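First the structure, in the form of structure tokens, and then the observations on it.
The values are calculated or read from the model by the stated rules, or taken from the named source; none is laboratory data. In this text the structure is predicted, and so the values were computed from the model without any measurement. With ideal geometry, Cβ positions are generated from the backbone for all residues, glycine too; neighbour counts draw on all protein chains shown. The area values use the complete protein model at the heavy-atom level, side chains included, leaving out ligands, DNA and RNA. Shrake-Rupley method; radii C 1.70, N 1.55, O 1.52, S 1.80 Å.
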Amino acid sequence: MLLDIVEQKVESLARIIVKGKFHIGLDAVKRYVLFWCMTNYIQEQEENQEMSIFQYAQSVNPLKLKDNKDLYLDDKVKEWNKFYERKVDHYNTLNAENKVKLLIRQKQEWHDQMKQKEEKGKGKERRFEGLSLFPFQRNEFAVLDGIKEMRKPFNELNRTYKRIVSDKGYLSKMTFAQYKDFVSHLKDEINQSQDLLKNIQYYKLEKRLGFEAMKAVLKSLHDCRKTNHVTAEIAVRDLTTVLQLPFLSERQRYAEVYPELSEQGRVRWRLELQGIQAFVQRCILMVRSKLAESKGAILHPKDWEHFQGLYLPETYENDYKLRKDFRAEEFSLLMTELDKQNRQTFERIKTYIEKSEFPDQPRV
């Protein structure tokens, strides 16, 4: 049973490498390790069922083309091509990981062009390479693509989505209400879907957009500004690290304790956040290898029963509200800091890729 293996590995590794105790205890780590390993196992079973973006575009557009050779035949097909390219561009800018993959492909394309320049050939265009959706990604992409294609009267969701995925620093242009409406729309889509394991989609939504954790961070930031116990600049920089933690409800506790910490306490707080993430990765490696070795044979009905109850919305939602617990100024301050961090990270990655002859994918 995977539950027993997770229990054993997390406890034994904690005895060896953890000094003291984590503020949220080990149960939060066990829940996440089990969830990550089982989710990864489920998705690996579907990796041979990929669908290209070309096939996806065909499935949602009434004009059916057999292959890329049919493009550019007449005006109607040129319209199809524009439609298809929108899907490609959306996929390439969907998230930070896809943007980095695109930069790497563009660098490889540049190498191809330089290599073939003497032969007066044309370098291979890589923008359309390797763009695939797996079954566990298709509904999510379709929902987001629907928002990307929205026109009036739903263009507010479209505008918010563009600001979220932009790498130019547009998060601070959103209001809290706009962000809340966007997250609520995506949650409604999950509620209405036919997905049998909705907890995976709920988890991805909260982990990516961090709405509930963000409210806890905003409450903490508001308390810090009220008491002036720590400067807003330091507080907002520290509190953004809470959004990187993978524990959906427990990470909010790190935000909630922050305003009362002394300067020395904040140092320990930062070290604990770094330490717990490193510890989790070690635990995942150990448990994942056991699951892979057994080829899923160690999974027990109790594992699946437990898994289906993990990270449902009621386990991580909170009651913090705008005006009652925090102000619009705190939201603006947080979004401005996230914009700054996102731009800095993306610029570092771009520089790394530009300087590397044959870059691999850096961590984002």
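Of all residues in the range 9-31, those satisfying the criterion of being open to solvent by 20 Å² or more (accessible area, probe 1.4 Å), assigned to a helix (DSSP H, G or I) and in contact (Cβ under 8 Å) with a residue 12 or more places away in the chain are K9, E11, I17, K30, R31. Annotation note: Cβ proximity below 8 Å between a residue of the range 330-352 that is in contact (Cβ under 8 Å) with a residue 12 or more places away in the chain and a residue that is open to solvent by less than 30 Å² (accessible area, probe 1.4 Å) and among the charged types (D, E, K, R) (sequence gap 6+ or interchain) occurs for F346/K99. The one condition from (1) touching a Leu at 6+ places or on another chain (Cβ under 6 Å); (2) more than 23 Å from K207 (Cα to Cα); (3) hydrophobic (A, V, I, L, M, F, W, C) that V267 does not meet is (1). Could you grab me the full set of residues in the range 276-319 that are open to solvent by less than 30 Å² (accessible area, probe 1.4 Å) and over 20 Å from Q43 (Cβ atoms)? Answer for the range 276-319, where residues must be open to solvent by less than 30 Å² (accessible area, probe 1.4 Å) and over 20 Å from Q43 (Cβ atoms): I276, F279, P313, Y316, N318. Any idea which of E50, E44 is closer than 21 Å to Y91 by Cα, free of Cβ contacts under 8 Å to residues at least 12 places away in the same chain and surrounded by 13 or more Cβ atoms within 10 Å (Cβ to Cβ)? Within the list E50, E44, the selection yields E44. With respect to (1) closer than 30 Å to I17 by Cα; (2) not in a helix (DSSP H, G or I), the lone exception for D319 is condition (1). Evaluation of D339 against the conditions (1) open to solvent by 60 Å² or more (accessible area, probe 1.4 Å); (2) in a helix (DSSP H, G or I); (3) not basic (K, R) shows that the sole unmet condition is (1).
Residues that are among the β-branched types (V, I, T) and either in contact with a His (Cβ under 7 Å, 6 or more places away or on another chain) or under 24 Å from L209 (Cβ atoms) (or both) within the range 223-281 comprise V236, T240, T241, V242, V257, I276, V280, listed in sequence order.
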